[in-house]
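All remarks here apply to the structure that follows.
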């Protein structure tokens, strides 16, 4: 124990004794104030446990206070229960009430829970004021004399101490970690083994107990209860105000907030409305300027104050040596035993069979690859196997039927999975992300878990980011975090969903060797992947899915040579690059876009440094580089989504930087964003029309629509369908068409081939060539270098946020630096 | 519990449907804001009540008919709401749902107390000659105000539905609600769309305030009741859908009215709330909704 910590504990002890001895030295007035502060502090802390850690904003404080009050009053009046037992009974009744309502209430998530809690509290208040039992509107008078202010003070002080102590314990416990994971992403929390219902229930019950106790003391102190007072919304209002003003999710904050609130109400005792209105104003101000409350702000201003220790926080950075070797040799299941068996599993989404009766076996010691065109049902299959989705058919895990089991149970039994689009717990650090999986999914103790997490992080090359919030990681590292977190549930079976997507050659090499080394740690691996190098080098067996069914399965090399597979997946050109013929008539040397020394940053992280390049009218610039090199950041900066911190951007004689995205579009720069971003609420045609906001002329809109439909006939046929009803390739067509609807003179295409089967990519690049033929200049961001080079007039290669190389495609092909970065990359997606 | 006869039941049914029109007006703004901004606008009830108070002032000063004051009060609420969204809520948009939610909570607390300071806690009503009249249709007495509220509710829902589903602005509204960044990349000025929607929601609330102030009475804290019935309507009907809001409102009106006929008028809202909790725990996406918002 450090000297600082000892001193703090001694000070805390002295304070506690002094407060507890209050009735010996303080006047009745100050005891009353102390009583009020302690009551409010206990409530605020109870609320803060739910809201701060679990992200559950409850507006039902009054309901629990009221139940506690009534239980205490009724038991006192009817059974003559004494002071302390009566108050305890209040707490227990509130717990019982919490258990009762938890089943329906926890079906609501997020904002729904908030609504539901307010409706619940109001329904209870309404019922009590209409119900004729329990004293009706008159209420109940307690038997015996009310406790002295000293006794009430001591009692509420004890409750506040319990509340603060619980919060301090939760902040460091497995429970707290689980709550924070639920707060960030409940589905994923479940998938790494957090028993979400039980975890939330524990916090809910604890908060209810504290609130019930406060209600009990209140009933004893006042001597009677009535519906209008016990269930009054003001309990909820004051509690939330105090918690937020002080600082939600902190240990001291809610106490501080209670003190501020009571102090203000004493000052304005004669103007109750003014007081409440002022507190409301203070609340709004605090949310705006200091979201972590007065206490959080004070901590930030006093850098010497120790930040509260969370379970995942590395205690001493790099104190212990970390081995990157595989963990202790574990007993592997005897090779060949069936670990996972799917019998006719299926899933229907709005009439479409995403997965249609798939039979699958995964044996110990095996790495099974799953490929197929987009929309073949690969990710859905992972969802069905991991328990994230419910469907039909039967799933057997490790020899037992697992069909009805949820994701959390399957994770605890040894299923680790990644997500195609990373879903980190954004508010937790990288280390904490893994700790959730270790402590819940793998059920490890804190110390052992921390050592194991460090080992996994080292293996996935993330150790230096252990203390970094996951929200600050880039895509590449988020993908590694997905893998690391899946490993942290100590899985026997790993389900990997496209972890190779978007990686360039050297990154793929690392990934392949990592997957190979995992064969010694997990019993079996299932890999869904578009990057065929990964399949070829890692898998023992390959399954091809098409429209939700197994098309072919067997030896990977043989399967990839299969003609059926070539037709549905690889495309008739066999994925060979097509260099489409183009008219070069519209080309001039006059630059339409001029980027001069641009820098940009995300928070403190500088993503672009001194980037300069030009694009001539009607010209195609290919923007290449590895992941995290700054390609998408460049695109976002050009289109006004990310402000520049230095430099200038000129388009057609007009300054672009400093304008917001919707203004940049109107200047003539369209941005076809990474990930398609189709609006499911809008029809295909409405998606397109949204892109034509810079014209008010109906014939003009009609003309642009017809141009897009001429380019993509498939869109015309589906013009009245929802954007969500399209296949991946059609969605990409729609995204391209939508960008064209603004009649732009420059379009930025960001990764249009990502996640698409080669045959579809051929089709899209032909379309790009046609668009360019009409004189539209382009910036093409592409991970598939050959695709980019085939279309480009000029190339710029980004490296670590700087332009490393520029030239014509011929120059670039000869350059050593490109070769070292991308050698063989084009083979990555093509057999 | 006293079992009502067939006459009382039919009466309650009709009154319920008509009352549903009023519920639709008071819930419409809540639904819009929830649908587009994913924000539970806890100050919505106070916006309704403010509409009623402004109408009251106008009637006192000019002697206008309550229904005519809508023409002044609705634009006034639009103008009052714009800076709330622009200065207080919009800057919090990027920080997740809680900060904005709690800001509206703070606004609601302030508004209630300011109402008490200005207009005292007394019960008020907007006086109109026809407010207490009732028509006799097929032997059943129907209060005129119920009919008027129903008509205005239907018209307002229809107008907002057309705006959202059939116009360019509506496309921008729907796109902004689904993926603000992608909408901006296509040229939609998203903050402006949000400000407009918030203003429109407040204007709808004002219409609701005038109607309820004429039909019933109100106090500074009446807003809570209409906020809650608004929730019930919006969630029953499915989020962000105008059609769903109308259906949810009619359903709630009938449930409350018929339920009230069975167990007593004091339990009306209680019945609605309990129905809400039961329905939602069985169908978290609402009765008419397709997908639940996480």
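Quick test of your reading of the structure: residue A:149 fulfils all but one of (1) under 46 Å from the mean Cα position of the chain (by Cα); (2) away from chain B (no Cβ under 14 Å); (3) in contact (Cβ under 8 Å) with a residue 60 or more places away in the chain. Name the failing condition by number.
Exception for residue A:149: condition (1).
Among the residues of segment A:769-794, count how many are under 35 Å from the mean Cα position of the chain (by Cα) and buried (at least 22 other Cβ atoms within 10 Å of the Cβ).
10
Take the residues in segment A:683-693 that are surrounded by 22 or more Cβ atoms within 10 Å (Cβ to Cβ) and touching a strand residue (DSSP E or B) at 6+ places or on another chain (Cβ under 9 Å); name whichever of them is nearest to the other protein chains (Cβ to nearest Cβ).
Result: A:691.
Restricting segment B:120-144 to residues that are out of contact with any strand residue (DSSP E or B) (no Cβ under 6 Å at 6 or more places or on another chain), surrounded by 14 or more Cβ atoms within 10 Å (Cβ to Cβ) and modelled with pLDDT under 85, which is farthest from residue B:8 (Cα to Cα)?
So the residue we want is B:128.
So, in segment A:520-542, exactly how many residues are crowded, with 17+ Cβ neighbours inside 10 Å and part of a loop (DSSP other than H, G, I, E, B)?
Total satisfying the criteria: 7.
Need at least 3 residues that are in contact (Cβ under 8 Å) with a residue 60 or more places away in the chain, farther than 22 Å from residue A:198 by Cα and away from every other protein chain (no Cβ under 12 Å) per element, so show me which helices (runs of 4 or more DSSP H) inside segment A:16-128 make the cut, counting only ones lying wholly within it. Don't jump to the end; show me each part of the working.
On the way: elements: A:22-25, A:28-48, A:61-79, A:83-105.
Passing ranges, in order: A:28-48, A:61-79, A:83-105.
Residue check: is residue B:51 within 14 Å of the chain's Cα centre (by Cα), assigned to a helix (DSSP H, G or I), within 14 Å of chain A (Cβ to nearest Cβ) and at pLDDT 95 or above?
Answer is no for this residue.
If residue A:256 meets every condition in (1) touching a residue at least 40 places away in the same chain (Cβ under 8 Å); (2) crowded, with 19+ Cβ neighbours inside 10 Å apart from one, which number is that one?
So residue A:256 meets the others, but not (1).
Counting just the residues of segment B:87-103 that are at the interface with another protein chain (Cβ under 7 Å from one of its Cβ atoms) and in contact (Cβ under 8 Å) with a residue 24 or more places away in the chain, which one comes out nearest to the chain's Cα centre (by Cα)?
Per the criteria, the residue is B:101.
Those residues that are assigned to a loop (DSSP other than H, G, I, E, B), under 29 Å from residue B:177 (Cβ atoms) and more than 9 Å from chain B (Cβ to nearest Cβ), I need them from segment A:636-655; list them, please.
A:642, A:643
Scan segment A:810-822 and tell me whether some residue there is at pLDDT 90 or above, buried (at least 18 other Cβ atoms within 10 Å of the Cβ) and in contact with a strand residue (DSSP E or B) (Cβ under 6 Å, 6 or more places away or on another chain). Steps first, please.
Of segment A:810-822, the ones at pLDDT 90 or above are none.
No, segment A:810-822 contains no residue that is at pLDDT 90 or above, buried (at least 18 other Cβ atoms within 10 Å of the Cβ) and in contact with a strand residue (DSSP E or B) (Cβ under 6 Å, 6 or more places away or on another chain).
Would you be able to tell me the number of residues in segment A:694-724 that are surrounded by 20 or more Cβ atoms within 10 Å (Cβ to Cβ), within 10 Å of another protein chain (Cβ to nearest Cβ) and modelled with pLDDT of 90 or more?
Counting residues in segment A:694-724 that are surrounded by 20 or more Cβ atoms within 10 Å (Cβ to Cβ), within 10 Å of another protein chain (Cβ to nearest Cβ) and modelled with pLDDT of 90 or more gives 0.
Go through (1) within 14 Å of another protein chain (Cβ to nearest Cβ); (2) surrounded by fewer than 22 Cβ atoms within 10 Å (Cβ to Cβ) for residue B:261 and report which single condition fails.
Condition (1) is where residue B:261 drops out.
Out of segment A:656-672, which residues are within 7 Å of chain B (Cβ to nearest Cβ) and in contact with a strand residue (DSSP E or B) (Cβ under 6 Å, 6 or more places away or on another chain)?
A:671
Condition check ((1) over 20 Å from residue A:773 (Cα atoms); (2) part of a helix (DSSP H, G or I); (3) free of Cβ contacts under 8 Å to residues at least 60 places away in the same chain) across all residues:
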| position | (1), (2), (3) |
| --- | --- |
| A:679 | yes, no, yes |
| A:700 | yes, yes, yes |
| A:705 | no, yes, yes |
| A:738 | no, yes, no |
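Output the helices (runs of 4 or more DSSP H) that fall wholly within segment B:128-202 and possess 3 or more residues being at the interface with another protein chain (Cβ under 9 Å from one of its Cβ atoms) and either touching a residue at least 60 places away in the same chain (Cβ under 8 Å) or in contact with a helix residue (DSSP H, G or I) (Cβ under 6 Å, 6 or more places away or on another chain) (or both), or say none.
Once the helices (runs of 4 or more DSSP H) in segment B:128-202 are filtered for at least 3 residues that are at the interface with another protein chain (Cβ under 9 Å from one of its Cβ atoms) and either touching a residue at least 60 places away in the same chain (Cβ under 8 Å) or in contact with a helix residue (DSSP H, G or I) (Cβ under 6 Å, 6 or more places away or on another chain) (or both), what remains is B:168-178, B:180-185.
The values are calculated or read from the model by the stated rules, or taken from the named source; none is laboratory data. Worth saying up front: this structure is predicted, and the values here are computed from it rather than measured. Here the Cβ is made from the backbone with ideal geometry for all residues, glycine too, and neighbour counts use every protein chain on show.
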